[in-house]
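One structure below.
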Ligand code: HEC
C-alpha cells in the first residue's frame, strides 16, 4: 500500500492553473519567434524614433545663442564661470527626491545607512521577490502587498520630490539669516560680505550657529575665531583646503580676505 500524502490545496490550485495555462497555449498561443520579437522590435523602434524626433525638434528650433531657446530649451547654456561665488548648485528635478534624502540623512551618523544600507536592502528584496511571491496571480486587486508597496514608493518619491523642489538652500536663506547671525553672534557690521559668501559657499559642509549642514566631518565654525588665528592664516587655510576640504585658491583675493575677516571675528555669542 502506497502512502499517498494529501496534496495541499495550494498545490492542487497550482496544478489546475498550470493545466489551464497549457490549454490556453494550445488554443490561442503564439510562438515567441516571430510574434513577441516583432512586437518588441516595433515598440523599440517607436521609442527610439520619438527620442530622435525630439532631439531634432530641440536642435533645429534652437540656435547658437543661449537666449534662442527654441521649443524644447536652449542648445547651449551660458558658459560656465569657475570663479562664481553666487551659484547655488541644485540637481535636475528628477533627482530632487535623492537630493532631499541627503538632507534628511546627515553626515556622519546616518549617511551610510541612507546611501548604502537602505538601497542595498531594497535591491536584495527586489532580487528575492520572484522567490518570495510565486503565485501566478496578476490581477491588481488580488495583490494588496505589492500594490501597497508601489503606492507607498510612489507617494514617498512624490513627497520627497516636492520637498526637494521647495527646499530652501541654507545659501539662499537670504538676508534674514545674515541679520540674525550678525546680531546673535556679535559680529561687526564689516564682516557682512564675508558672512554672505560663507553662507553661500561653506555651509554645505560646515555648520555655523545652527546654520548649514555638517558633511565630510567638517568642524563647526561658530567659534573658530577663538583659535587666535589671523585673517592671513585663515586665508591660507582656504587656499590650501586642509584634509577633505576643497581648495578655494581660485577665489579672488578680496573674497578670501572677507571670509578670513569673518572667520577671525567669529567668537561665538558669549
Ligand atoms: C566639501 C566640504 C567643505 C567645504 C565646502 C568647506 N570646508 Fe572647510 N573644512 C572641511 C573639512 C572636512 C575640514 C577639516 C579638515 C581637516 O581634516 O583638518 C575643514 C576645515 C576648515 C577649517 C579649519 C578648522 C580648524 O579648526 O582647523 C576652516 C577655517 C574652514 N574649513 C573654513 C572653510 C570655509 C571658510 C569654507 C568656505 C569658503 C569652507 N571651509 C568650505 C570641509 C569643507
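Each reported figure results from applying straightforward, stated rules to the coordinates on display, with no laboratory input. From a predicted model like this one, the values you see are computed outputs, not experimental measurements. We place every Cβ from the backbone using ideal geometry, glycine too, and count neighbours over all the protein chains shown.
Computed from the C-beta positions of residue 71 and residue 15 and an R0 of 45 Å, the FRET efficiency is 0.20 to the nearest 0.05. Measuring spread by the Cα atoms of region 177-229 yields a radius of gyration and Dmax of 10.8, 31 Å.
Here the scattering of region 40-112 is modelled by Debye summation over its C-alpha atoms, one equal scatterer each and no solvent; at q = 0.13, 0.21 Å⁻¹ the log10 of I(q)/I(0) is -0.73, -0.98. Ordered by the count of other Cβ atoms within 10 Å of each Cβ, fewest first, 153, 115 give 153, 115. Over all projection directions, the Cα-based convex hull of the chain averages an area of 26.7 nm². Each of 93, 58 was scored by other Cβ atoms within 10 Å of its Cβ. Arranged with the fewest first, they read 93, 58.
Normalising the average separation of contacting C-alpha pairs (under 8 angstrom, six or more residues apart) by the number of residues puts the relative contact order of region 98-201 at 28 percent.
Its Cα gyration tensor gives region 89-166 an equivalent ellipsoid, and the semi-axes of that ellipsoid, as √(5λ) in whole Å with the largest first, are 29, 17, 9. With an 8 Å cut-off on Cα pairs and a minimum separation of 6 or more residues, tell me the relative contact order of region 168-270 in percent. The normalised contact order for region 168-270 reaches 33 percent. For the residues 196, 168, 137, a GNM of the chain with alpha-carbon springs under 10 Å puts the largest fluctuation on 137. In terms of overall dimensions, the C-alpha atoms belonging to region 7-79 reach 73, 30, 16 Å along their principal axes, ordered largest to smallest.
Result for the chain in a Gaussian network model with C-alpha springs under 10 Å: among 193, 144, 31, the largest mean-square fluctuation is at 31.
Centre-to-centre separation between the Cα atoms of region 138-213 and those of region 50-76: 33 Å.
Taking only C-alpha pairs under 8 Å that are 6+ residues apart, what is the relative contact order of the chain in percent? Result for the chain is 15 percent.
Rg over Rh for region 171-265 works out to 0.92, using Cα positions for both radii and the Kirkwood form for Rh. In region 37-190, one over the average inverse separation of all distinct C-alpha pairs is 21.3 Å, which is the Kirkwood hydrodynamic radius. Gain on full extension, evaluated as 0.36 nm per residue between residue 58 and residue 28 minus their Cα-Cα distance, stands at 6.3 nm. Springs between Cα atoms under 10 Å define the GNM used for the chain, and in it the highest mean-square fluctuation of 130, 219, 252 occurs at 130. Our estimate of slack between residue 37 and residue 95, defined as 0.36 nm per intervening residue step minus the Cα-Cα distance, is 17.5 nm.
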